[in-house]
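Everything on this sheet refers to the single structure shown next.
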Amino acid sequence: MIDTADLDHLDAQQLREMVLSLRRGAAADKLEIARRDHEIAFKQAAIDKLTHEMAVLKRLKFAAKSEAFNAEQKSLLEETIDADLAAMERELEDLAAAPSTQREKQQPKRQALPAHLPRREIRHEPESTTCACGCTLQRIGEDVAEKLDYRPGVFSVERHVRGKWVCTKCETLVQAPVAPHIIDKGIPTAGLLSQVLVGKYLDHLPLYRQEAIFGRAGLAIPRSTLASWVGQCGVQLQPLVDALKREMLEDRVLHADETPVAMLKPGNGKTHRAYLWSYCTTSYSALRAVVFDFADSRGGQHARAFLELPGEHGWRGTLVCDDFSGYKACFELGVIEAGCLAHARRKFHELWANHGSPIGEQALKFFGELYAVEREVAELMPEERRRIRQERSRKVADALQQWLAGQRQRVPDGSATARAIDYSLKRWQALTRYIDDGDLPADNNWVENQIRPIAIGRSNWLFAGSLRAGQRAAAIMSLIQSAKLNGHEPHAYLSDVLERLPTQPASRVGDLLPHRWQPIEVR
């Protein structure tokens, strides 16, 4: 407030300065108010969207007719819905930041863990039992929290005992703080959560099967509880996957491929074809990383969105891929195309294996010479690899091109042989680009090998009832497969990450990425 009595002592210049200052302050206040209004509107829109999605899922869960699905479909759909609901609730908590007292009232009363399970006591005491006033603290009690842990086939309980210490003089109460957990106030340890995630997304065990496995170990955890854990972990691990993607997009050469998966359409109890897109660094790269991107179609817009195209900061490297048309628009936006030699070879192998084609057999000999060079240069430095390719592979490739062009004139249009030859000749520049670049692989087999273990169990873990479920699966599998690429045991990696993530500063989340992670014991 401005004292009006002080205004009488101000001259004209001072009054003008005061008015200008007030105007600047008012303008700044308006900008801050506008920023807060925009932030509130954005959060409210996100809350409304999540609330609507939750209502739809709950109606689907409780009102769906069981006869619309078989028993396995219904079970998998319920798992997906429960995980989606848990993920949305976690996101709503982050957006709304409801008072803790209100959240506590909404928590159901937890059943005590079975007394027959073996228990391991972990004590948490203050670093010093001397009060700031100099007196010795007296222990007056303790709080005990039990966490459920799991090692293959055996449940156990961690008893976290936090002693209460008080100073009798100044009545100061001292107690070790509760360690943050990936699921606030939840009973599972990071090891148990890791077991559920690895079981579902690496060992291809749906949650209803894990429920039965846990039952044989002595404690049948309801699949709805397991699904809730999966959903919450998916939300918490997403920043790690985002950071992994950002680092992967710094490489100038990437592989790309896609594979179909079944996604449930609850309206009619049938499935439609969704796709799991895979992007990874090459076997020559120092960075070992693979990121999966789940999409409800095979449209090329999904590849462009992942590579952040178009845009000033979009990726502009070399993409190793097959001849799928969905990638074509990326090449028009500055991405360089590198073809897959294995796809071209495969077509001639089919001619030879299925029809005993002499053309197919001769073509395979040419490809064999090209791959013989690749086996020799696999461990060399890029420049040396490029030099040898140019000396040896270029001659073979030129001879193969001339031979294919001559054979094409002798075979009828539309025949299988013509299609195999046309595939190679029309993409010749992309197929042979690797010869002049030592950082490029000859084919796309590296990324196909990353997809292969996923494809084995996709009918089990990705009978998805929603796009959100598929995206959650893709995120968790990105971390698991990247951990394997870096030589880590996935369960050990995820257990440690889930243990450390709640206290990891956002600026250092990259330390937990698979290619940079080290077990806590050796740090």
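The values are calculated or read from the model by the stated rules, or taken from the named source; none is laboratory data. From a predicted model like this one, the values you see are computed outputs, not experimental measurements. Every residue, glycine among them, receives a Cβ derived from its backbone with ideal geometry; neighbour counts consider all protein chains shown. Quick note on the areas: whole protein, heavy atoms, side chains included, nothing else; ligands and nucleic acids left out. Shrake-Rupley method; radii C 1.70, N 1.55, O 1.52, S 1.80 Å.
Things worth noting here:
- The condition (being more than 21 Å from M248 (Cα to Cα), in contact (Cβ under 8 Å) with a residue 12 or more places away in the chain and either aromatic (F, W, Y) or assigned to a helix (DSSP H, G or I) (or both)) is satisfied by just one residue among A342, A353: A342.
- Test result for V161, under 37 Å from the mean Cα position of the chain (by Cα), of a type in the set (A, V, I, L, M) and more than 26 Å from Q236 (Cβ to Cβ): yes
- Scanning region 92-110 for residues that are at pLDDT 75 or above and either out of contact with any Ser or Thr (no Cβ under 8 Å at 6 or more places or on another chain) or farther than 29 Å from P206 by Cβ (or both) yields a single hit, E93.
- Residues that are among the hydrophobic types (A, V, I, L, M, F, W, C) and exposed (fewer than 11 other Cβ atoms within 10 Å of the Cβ) were ranked within region 120-168; the one that is nearest to A220 (Cα to Cα) is V144.
- Counting residues in region 424-443 that are of a type in the set (A, V, I, L, M) and free of Cβ contacts under 8 Å to residues at least 40 places away in the same chain gives one or more.
- Selection status of D48, surrounded by 11 or more Cβ atoms within 10 Å (Cβ to Cβ) and at pLDDT 65 or above: no
- Complete set of residues in region 233-242 that are in contact with a Lys or Arg (Cβ under 8 Å, 6 or more places away or on another chain), surrounded by fewer than 22 Cβ atoms within 10 Å (Cβ to Cβ) and not β-branched (V, I, T): Q236
- Qualifying residue in region 191-200 (condition: touching an Asp or Glu at 6+ places or on another chain (Cβ under 8 Å), assigned to a helix (DSSP H, G or I) and not aromatic (F, W, Y)): yes
- Residue match in region 386-395 (condition: more than 30 Å from L309 (Cβ to Cβ), within 34 Å of the chain's Cα centre (by Cα) and β-branched (V, I, T)): no
- Looking only at region 467-523, and only at residues there that are β-branched (V, I, T) and out of contact with any helix residue (DSSP H, G or I) (no Cβ under 8 Å at 6 or more places or on another chain), the one that is nearest to L244 (Cα to Cα): T503
- Within region 446-472, tally of residues that are under 13 Å from S278 (Cβ atoms), open to solvent by less than 30 Å² (accessible area, probe 1.4 Å) and at pLDDT 85 or above: 1
- Tally of residues being part of a loop (DSSP other than H, G, I, E, B), surrounded by fewer than 18 Cβ atoms within 10 Å (Cβ to Cβ) and in contact with a helix residue (DSSP H, G or I) (Cβ under 8 Å, 6 or more places away or on another chain) across region 323-339: 2
- Residues satisfying the stated conditions in region 222-232, i.e. out of contact with any strand residue (DSSP E or B) (no Cβ under 8 Å at 6 or more places or on another chain), open to solvent by 10 Å² or more (accessible area, probe 1.4 Å) and in contact (Cβ under 8 Å) with a residue 12 or more places away in the chain: R223, S224, S228, Q232
- With respect to the conditions (1) within 23 Å of L467 (Cα to Cα); (2) surrounded by 22 or more Cβ atoms within 10 Å (Cβ to Cβ), D296 lacks only one, and its number is (2).
- Selection from region 187-209 of residues that are open to solvent by less than 10 Å² (accessible area, probe 1.4 Å) and closer than 18 Å to S224 by Cβ: P188, L192, L193, V196, L197, G199, P206, L207
- Among the conditions (1) open to solvent by 10 Å² or more (accessible area, probe 1.4 Å); (2) at pLDDT 95 or above; (3) over 27 Å from D94 (Cβ atoms); (4) within 20 Å of the chain's Cα centre (by Cα), the only one that K245 does not satisfy is (3).
- Of all residues in region 299-322 being in a loop (DSSP other than H, G, I, E, B) and of a type in the set (D, E, K, R), the one that is surrounded by the most Cβ atoms within 10 Å (Cβ to Cβ): D322
- Screening the candidates D422, D413 for the property of being open to solvent by 60 Å² or more (accessible area, probe 1.4 Å), out of contact with any Asp or Glu (no Cβ under 7 Å at 6 or more places or on another chain) and more than 20 Å from P441 (Cβ to Cβ) yields one hit, D413.
- For region 427-441, the condition of being among the hydroxyl-bearing types (S, T, Y) and open to solvent by 20 Å² or more (accessible area, probe 1.4 Å) holds for none of the residues.
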